[in-house]
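Q: Below you'll find the structure I mean.
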Amino acid sequence: MDAVQRANSGHPGAPLGMADIAQVLWSQFLKHNPADPNWHNRDRFVLSNGHGSMLIYALLHLSGYDLSIDDIRQFRQLHSKTAGHPEYGITPGVETTTGPLGQGLANAVGMAVAERTLAARFNRPDFDIVDHRTFVFLGDGCLMEGISHEACSLAGTLGLGKLICIYDDNQISIDGDVRGWFSDDTPSRFRAYGWHVVEDVDGHDANAVTQAIEVAEATNKPSLICCKTTIGWGSPNKAGTAASHGSPLGDDEVALVRETINWPHDPFDIPDDIQSAWDAREAGAARQAEWQALFDAYAEAYPDLAAEYVRRVSGQLPEDFDEHADAFIASTAEAAIDAATRKSSQHALNGYCPKLPEMVGGSADLTGSNNTLWSGSRGITADNADGDYIYYGVREFGMSAIMNGMALHGGFKPYGGTFLVFSDYARNAVRMAALMKVPVSFVYTHDSIGLGEDGPTHQAVEHIASLRLMPGLNVWRPCDAVESAVAWRAAVSSKHTPHALVFSRQNAKHQNRSDEAVRHIARGGYVLRDTGSKPQVILIATGTEVQLATAAADTLADKIDVRVVSMPCTEVFNAQDAKYRDSVLPASVTRRVAIEAGVSDLWWRYVGPNGKVLGVDRYGESAPAADVYNYFGLTVDGVVAAVESLL
């Protein structure tokens, strides 16, 4: 309450209303060590209703995390550890960035999947080295968001028994009493998903909350505990109303709350006895030491498994992976594969996944189209946690947020596929991956008007450009099997950057290139071919349009020296030093043509005012792919004509 008042900004209602529940969970159930927030066998706590951020900041400070009372005073101030919504990587103890409602809940489903699957891989009789729960606080807004259905439906199907969600059922949102727009029978909804549900728990009765959590921990289903609470509890004039939801209570009301709850202390003054009672460092250290003794015995009994577990949870690749990847890329180049790049993607997965057991794939009901299932994949089901592939069903948004949660949990490198056009459904989860800097691989196939007969509803036109606008996301659109192998290597090697890997439905020709050019693919853009000693025109292309550029260069070779630049990843190319970028796109060559079967705006950055862009600045047409390409002038003749117009 005091922090929100000092900032004159924030949401005091949910923290006041859920404080009793939080006290029970954090003092009696949550297994964690404030001195080591990264202890891997800790319970995960997710505040999905992230607008109530002062609740988790109070909990972290009181229990002994590296979050001082001065940090609390700096709530919502520039560069503080206590941002307006909890941010992963900034505040110790915050497991995921929350605020976009429903996504924290979906992240938690991913964490629970990761715990269950990691346990199936590594636990042995008498050695449950992976054994923790995922606890979630959520509110009405999280349940109104559609992603809650996607994620919770799958959680029930998979039987995630260590996922325990506590619903702050205060019936208030920003607009007021939610019963005017949210009259769902939430308990019945979750029972239909296959969850264990406890109804009508008094969220201000510690004994009732304790009993509900104890029962939830004993079940083998995911649990929803529905707690009736009063938003803004303790506020004489604003409790139970929307007035306490998203605005400071005001100095006069804060003074009245102090009287009402008999709290005579000054702002930010925590009495020593209360601070000491909350301090969880000693108990947390004891829990971790007990686990470490178990793990040490496990390491003696199963040294190889223990070493692999440490490698996995630390996010390190196998020592010989770089050597393996080099050999695989070289063999792919030698094989000279002509194939749709979605097939080349699958070829890369078959090359890398046997070496990387941490890879967990999936698809939003498009496995056969996305080609995300490699030859050794095994499905994860309610009866078999020891798999590496999730059939997500038609849940693009849920899939993406669940993958974020798996990556945040650690021990896995998740990837999942859908059509590129449906990245729109998943967009905010992709954005959150970029914001949190988690290395998730989003696989998008059917990348353009090359989709063909399904028409403009399915033909991605603006999607690649919009993904490229997202800070912190590397978008790869490879032109053949070699570039696909390099793109996948970049994705699986990443520690702090998510990747969007964009692949074609239509066939792509193998591009012959020198060994040096193969090495330079990883720099995002490179010289694929020069038809003479000094280029007079530069053709820049990505994906299947690269084959149009090389064919046009061959056609023009007798008239003019042409350079073909393949630029599979603009973000990586832009990050290269100026000397390299100029070696690929010398400033002296101003006659440039960019070719990509999508909106043209981005490419003017590379061709300049004297260049041309062949793109698609409108929605597509329903016809065979070749006919659609011809209709939009994306042909060899079209590229040649564009070059000739510049001459």
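The values are calculated or read from the model by the stated rules, or taken from the named source; none is laboratory data. Being a predicted model, the structure only gives us computed values, none of them experimental. Every residue, glycine among them, receives a Cβ derived from its backbone with ideal geometry; neighbour counts consider all protein chains shown. All accessible areas refer to the heavy atoms of the entire protein, side chains included, with ligands and DNA or RNA removed. Shrake-Rupley method; radii C 1.70, N 1.55, O 1.52, S 1.80 Å.
Q: Among the residues of the range 199-243, how many are open to solvent by 70 Å² or more (accessible area, probe 1.4 Å) and either on the phi > 0 side of the Ramachandran plot or at pLDDT below 95 (or both)?
A: 1
Q: Specify the residue that is surrounded by the fewest Cβ atoms within 10 Å (Cβ to Cβ); the eligible residues are those in the range 357-380 that are among the hydrophobic types (A, V, I, L, M, F, W, C) and within 14 Å of LYS413 (Cα to Cα).
A: For the range 357-380, the residue satisfying everything is MET359.
Q: Right, something else. Could you grab me the full set of residues in the range 583-614 that are among the small types (Gly, Ala, Ser), under 35 Å from the mean Cα position of the chain (by Cα) and within 18 Å of ASP530 (Cβ to Cβ)?
A: Correct list: SER583, ALA594.
Q: Please go through the range 1-35 and pick out each residue that is part of a helix (DSSP H, G or I), of a type outside the set (A, V, I, L, M, F, W, C) and buried (at least 24 other Cβ atoms within 10 Å of the Cβ).
A: Correct list: GLY13, PRO15, GLY17.
Q: How many residues are over 21 Å from SER369 (Cα atoms), open to solvent by less than 10 Å² (accessible area, probe 1.4 Å) and in a helix (DSSP H, G or I) if we restrict to the range 487-504?
A: 1
Q: Considering only the range 291-312, I want to know if a residue exists there that is touching a strand residue (DSSP E or B) at 6+ places or on another chain (Cβ under 7 Å) and outside any helix (DSSP H, G or I).
A: Looking through the range 291-312, at least one residue is touching a strand residue (DSSP E or B) at 6+ places or on another chain (Cβ under 7 Å) and outside any helix (DSSP H, G or I).
Q: In this structure, is LEU160 open to solvent by less than 30 Å² (accessible area, probe 1.4 Å) and part of a loop (DSSP other than H, G, I, E, B)?
A: In short, yes.
Q: A follow-up question, please. Hey, among the residues in the range 616-647 that are open to solvent by 20 Å² or more (accessible area, probe 1.4 Å) and in contact with a Ser or Thr (Cβ under 8 Å, 6 or more places away or on another chain), which one's nearest to SER504 (Cα to Cα)?
A: Restricting to residues being open to solvent by 20 Å² or more (accessible area, probe 1.4 Å) and in contact with a Ser or Thr (Cβ under 8 Å, 6 or more places away or on another chain), the top hit is TYR629.
Q: Consider only pairs whose beta carbons are under 7 Å apart and that are at least six residues apart or on different chains; among these, list those whose first residue lies in the range 298-312 and is closer than 20 Å to PHE412 by Cα and whose second residue is open to solvent by 30 Å² or more (accessible area, probe 1.4 Å) and assigned to a helix (DSSP H, G or I).
A: That search, which allows pairs on different chains as well, returns ALA306/ALA299.
Q: Conditions first: (1) open to solvent by less than 20 Å² (accessible area, probe 1.4 Å); (2) in contact (Cβ under 8 Å) with a residue 60 or more places away in the chain; (3) not basic (Lys, Arg). ASP386 passes all but one, so which condition is the exception?
A: (1)
Q: Further question on the same structure: Among (1) of a type outside the set (Phe, Trp, Tyr); (2) buried (at least 24 other Cβ atoms within 10 Å of the Cβ); (3) in contact with an Asp or Glu (Cβ under 8 Å, 6 or more places away or on another chain), where does SER484 come up short?
A: (3)
Q: Can you name the number of the only condition in (1) in a helix (DSSP H, G or I); (2) within 26 Å of LYS509 (Cα to Cα); (3) not acidic (Asp, Glu) that PRO354 fails?
A: (2)
Q: OK, next. Starting from the range 242-267, keep only residues that are over 25 Å from SER173 (Cβ atoms) and hydrophobic (A, V, I, L, M, F, W, C), then list their pairs with residues that are surrounded by 11 or more Cβ atoms within 10 Å (Cβ to Cβ) and at pLDDT 95 or above whose Cβ atoms are within a distance under 8 Å, requiring at least 6 positions of separation or different chains.
A: Close Cβ pairs (under 8 Å, with a partner that is surrounded by 11 or more Cβ atoms within 10 Å (Cβ to Cβ) and at pLDDT 95 or above) amount to TRP263/VAL257.
Q: Checking the condition touching a residue at least 60 places away in the same chain (Cβ under 8 Å) and either of a type in the set (Val, Ile, Thr) or within 26 Å of GLU621 (Cβ to Cβ) (or both), which residue from ARG477, ARG489 passes?
A: ARG477
Q: Quick check on the range 305-312. Is at least one of its residues under 31 Å from the mean Cα position of the chain (by Cα), closer than 30 Å to ARG179 by Cβ and open to solvent by less than 70 Å² (accessible area, probe 1.4 Å)?
A: No: zero hits.
Q: Let me ask something else. List, please: which pairs have Cβ atoms under 6 Å, are six or more places apart or on different chains, and start with a residue in the range 444-459 that is within 18 Å of ALA500 (Cα to Cα) and end with one that is in a loop (DSSP other than H, G, I, E, B) and at pLDDT below 95?
A: Pairs found: none.
Q: Here's something else I'd like to know. Could you tell me which numbered condition ALA283 fails, if it satisfies all but one of (1) closer than 24 Å to HIS40 by Cα; (2) of a type in the set (Gly, Ala, Ser); (3) open to solvent by 80 Å² or more (accessible area, probe 1.4 Å)?
A: Among (1) closer than 24 Å to HIS40 by Cα; (2) of a type in the set (Gly, Ala, Ser); (3) open to solvent by 80 Å² or more (accessible area, probe 1.4 Å), ALA283 violates only (3).
Q: Could you give me the residue pairs with C-beta distances under 7 Å whose first residue belongs to the range 362-380 and is under 18 Å from LEU154 (Cβ atoms) and small (Gly, Ala, Ser), whose second residue is in a loop (DSSP other than H, G, I, E, B) and open to solvent by 30 Å² or more (accessible area, probe 1.4 Å) wherever it lies, and which are 6+ apart or on separate chains?
A: So the pair list comes out as ALA364/VAL394; ALA364/ARG395.
Q: Do we find that SER514 is surrounded by fewer than 19 Cβ atoms within 10 Å (Cβ to Cβ), under 24 Å from ALA490 (Cβ atoms) and out of contact with any Gly (no Cβ under 7 Å at 6 or more places or on another chain) in this structure?
A: Taking the combined requirement at face value, the residue satisfies it.
Q: Follow-up question, since we're still on this one. At least 1 residues that are of a type in the set (Phe, Trp, Tyr) and under 11 Å from the mean Cα position of the chain (by Cα) in each: list the strands (runs of 3 or more DSSP E) lying fully within the range 360-475 that qualify.
A: Those strands (runs of 3 or more DSSP E) span 413-419, 441-445.
Q: In the range 314-349, which residues are in contact with a helix residue (DSSP H, G or I) (Cβ under 8 Å, 6 or more places away or on another chain) and aliphatic (A, V, I, L, M)?
A: LEU317, ALA325, ILE329, ALA330, ALA333, ALA335, ILE337, ALA339, ALA348, LEU349
Q: Just wondering, is there one or more residues in the range 412-419 that are out of contact with any strand residue (DSSP E or B) (no Cβ under 9 Å at 6 or more places or on another chain) and open to solvent by 20 Å² or more (accessible area, probe 1.4 Å)?
A: Scanning the range 412-419 turns up no residue that is out of contact with any strand residue (DSSP E or B) (no Cβ under 9 Å at 6 or more places or on another chain) and open to solvent by 20 Å² or more (accessible area, probe 1.4 Å).
Q: Of the residues in the range 596-613, how many are touching a residue at least 40 places away in the same chain (Cβ under 8 Å) and not in a loop (DSSP other than H, G, I, E, B)?
A: Qualifying residue count, the range 596-613: 5.
Q: Which pairs have Cβ atoms under 6 Å, sit 6 or more apart or on different chains, and link a residue in the range 119-136 that is among the hydroxyl-bearing types (Ser, Thr, Tyr) to one that is modelled with pLDDT of 95 or more?
A: THR134/ARG44; THR134/ALA108; THR134/MET111; THR134/ALA112; THR134/LEU163
Q: Does the range 520-533 hold any residues that are out of contact with any strand residue (DSSP E or B) (no Cβ under 8 Å at 6 or more places or on another chain), more than 14 Å from GLN576 (Cα to Cα) and modelled with pLDDT of 95 or more, and which are they?
A: none
Q: Determine whether TRP181 is in contact (Cβ under 8 Å) with a residue 40 or more places away in the chain, of a type in the set (A, V, I, L, M, F, W, C) and open to solvent by 70 Å² or more (accessible area, probe 1.4 Å).
A: Against the criterion (in contact (Cβ under 8 Å) with a residue 40 or more places away in the chain, of a type in the set (A, V, I, L, M, F, W, C) and open to solvent by 70 Å² or more (accessible area, probe 1.4 Å)), TRP181 does not qualify.
Q: Within the range 36-58, identify whether any single residue is open to solvent by less than 10 Å² (accessible area, probe 1.4 Å), closer than 28 Å to GLN211 by Cβ and more than 26 Å from the chain's Cα centre (by Cα), and answer yes or no.
A: No.
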